[in-house]
Amino acid sequence: MHPCPGTPTPVHSTVTETHVITTSGLTKVYRSRGREVTALDGVDLHVREGEVYGVIGQSGAGKSSLIRCVNLLERPTSGTVTVAGQDLTALAGRGPRAGRELRRARSRIGMVFQHFNLLSSRTVQDNVELPLEILGQAGRARSRKALELLDLVGLADKAKAYPAQLSGGQKQRVGIARALAGDPKVLLSDEATSALDPETTRSILQLLRDLNRQLGLTVLLITHEMDVVKSICDSAALMEKGRIVESGTVSELLATPGSELAAALFPVGGEATGADRTVLDVTFHGEAATQPVISQLSRTYNIDISILGAAIDTVGGLQIGRMRIELPGRYEDNVVPVGFLREQGLQIDVVGQESLLVKEGAK
């Protein structure tokens, strides 16, 4: 049985997948002046190889703590973090050798920051070379690699410029090139677009998606912007008060009655025009998104249907739509029309009737 709106449970695929990032029971407690603040409360996260995975939540939800624990910039209070088959938490705190092993493991995880974190005294090329310098790579090889990466992110002509001469979007492209210097399998993005204007945000998101496809990168990003999830994410998780309250592929979430993420991705409004009315939220995806299902319903059952709100967009390469419609009569009078919609492969949520929504989800 599915829960009512507001209390969705995590959605998980039943297909066996290779998970590149896994956290298990991850907890982070900050202690200050005798007080304890729990930023992460038993987080289980599973990011599959080659996907773009978005973690969304409001400020204070624990997103930043989560992503910093994934590469052990923050030491978890308890729980484990595994990246590319390696338990990073086992590398922490076991003397100098463990420190070296952790640094080596972390070098295979790229990190893109919200405010770029570029060194103003270094040229663009020198900023990209910095991680390679730390890894002890020879000068000529560093230079060649940095120029290749700058070309990859569209900044080949800015190699000798300084950060102060760049726009915000260009600075973030340098940050992305630097994050790729160690040939990582995983790229972490910490609110990478929140300081950018909408047009620049779109270009950076497209770059991340292109790199995901070209390099086979697994991308884990955190954000408070639903449009980021809508634009490039294959899977998503909603965080609240240090916990993941809902997770799954975008298509799974859209097919889950009462999903908060689905409703936030495609908000549709509209109130019933009278007491004797049935209001439905209808989710279209795949082939159903292009079929004239609502007009077929109206003709087949000779009923007048009001459209109260609608939204359609492309998410993860799939055309998705949500529509709020009103049917004359109470729900009991519309069981057959609702059944017709479900037979067309549509997801149906009954609005304003929580007990009926549970029934719908249980069928």
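Going residue by residue through region 91-109, is there one that turns out to be touching a Leu at 6+ places or on another chain (Cβ under 7 Å) and modelled with pLDDT of 90 or more?
Checked region 91-109: at least one residue is touching a Leu at 6+ places or on another chain (Cβ under 7 Å) and modelled with pLDDT of 90 or more.
Can you confirm whether residue 177 is assigned to a loop (DSSP other than H, G, I, E, B) and over 30 Å from residue 352 (Cβ atoms)?
For residue 177, the condition - assigned to a loop (DSSP other than H, G, I, E, B) and over 30 Å from residue 352 (Cβ atoms) - is not met.
Of the residues that make up region 267-277, is at least one under 23 Å from the mean Cα position of the chain (by Cα) and of a type outside the set (Ser, Thr, Tyr)? Spell out how you get there, then give the answer.
Here is the first cut: in region 267-277, the ones under 23 Å from the mean Cα position of the chain (by Cα) are 267-268.
From what is left, the residues that are of a type outside the set (Ser, Thr, Tyr) are 267-268.
Taking every residue of region 267-277 in turn, at least one turns out to be under 23 Å from the mean Cα position of the chain (by Cα) and of a type outside the set (Ser, Thr, Tyr).
Look through region 239-251, keep the residues that are under 20 Å from residue 322 (Cα atoms) and either surrounded by fewer than 20 Cβ atoms within 10 Å (Cβ to Cβ) or out of contact with any Cys (no Cβ under 7 Å at 6 or more places or on another chain) (or both), and return whichever of them is modelled with the lowest pLDDT.
Here is the first cut: in region 239-251, the ones under 20 Å from residue 322 (Cα atoms) are 246-251.
Within this subset, residues satisfying the condition of being either surrounded by fewer than 20 Cβ atoms within 10 Å (Cβ to Cβ) or out of contact with any Cys (no Cβ under 7 Å at 6 or more places or on another chain) (or both) are 246-249, 251.
Values: 246: 93, 247: 92, 248: 90, 249: 88, 251: 76.
Taking the candidates together, the pick is 251.
Can you tell me which residue among 187, 150, 130 is farther than 30 Å from residue 65 by Cβ and either outside any loop (DSSP other than H, G, I, E, B) or under 22 Å from the mean Cα position of the chain (by Cα) (or both)?
Among 187, 150, 130, only 150 is farther than 30 Å from residue 65 by Cβ and either outside any loop (DSSP other than H, G, I, E, B) or under 22 Å from the mean Cα position of the chain (by Cα) (or both).
Does region 218-228 contain at least one residue that is part of a helix (DSSP H, G or I), free of Cβ contacts under 8 Å to residues at least 40 places away in the same chain and assigned by TED's automatic domain parsing to the domain that holds residue 144? So that I can check it myself, show each step before the final result.
Step one: of region 218-228, the residues part of a helix (DSSP H, G or I) are 226-228.
Among the residues that remain, those that are also free of Cβ contacts under 8 Å to residues at least 40 places away in the same chain are: 227.
Adding the requirement that they be assigned by TED's automatic domain parsing to the domain that holds residue 144 leaves 227.
Yes - at least one qualifying residue is present in region 218-228.
Out of the residues in region 46-96 that are out of contact with any strand residue (DSSP E or B) (no Cβ under 9 Å at 6 or more places or on another chain) and surrounded by fewer than 17 Cβ atoms within 10 Å (Cβ to Cβ), which is farthest from residue 184 (Cα to Cα)?
59
Please identify the pairs in which a residue from region 197-216 that is more than 20 Å from residue 183 (Cα to Cα) has its Cβ atom under 8 Å from the Cβ atom of a residue that is surrounded by 12 or more Cβ atoms within 10 Å (Cβ to Cβ) and among the aliphatic types (A, V, I, L, M), counting only partners at least 6 apart or on another chain.
These pairs meet every condition: 201/228.
The values are calculated or read from the model by the stated rules, or taken from the named source; none is laboratory data. All of these numbers come straight from a predicted model, not from anything done at the bench. All Cβ positions, glycine included, derive from the backbone under ideal geometry; neighbour counts span all protein chains shown.
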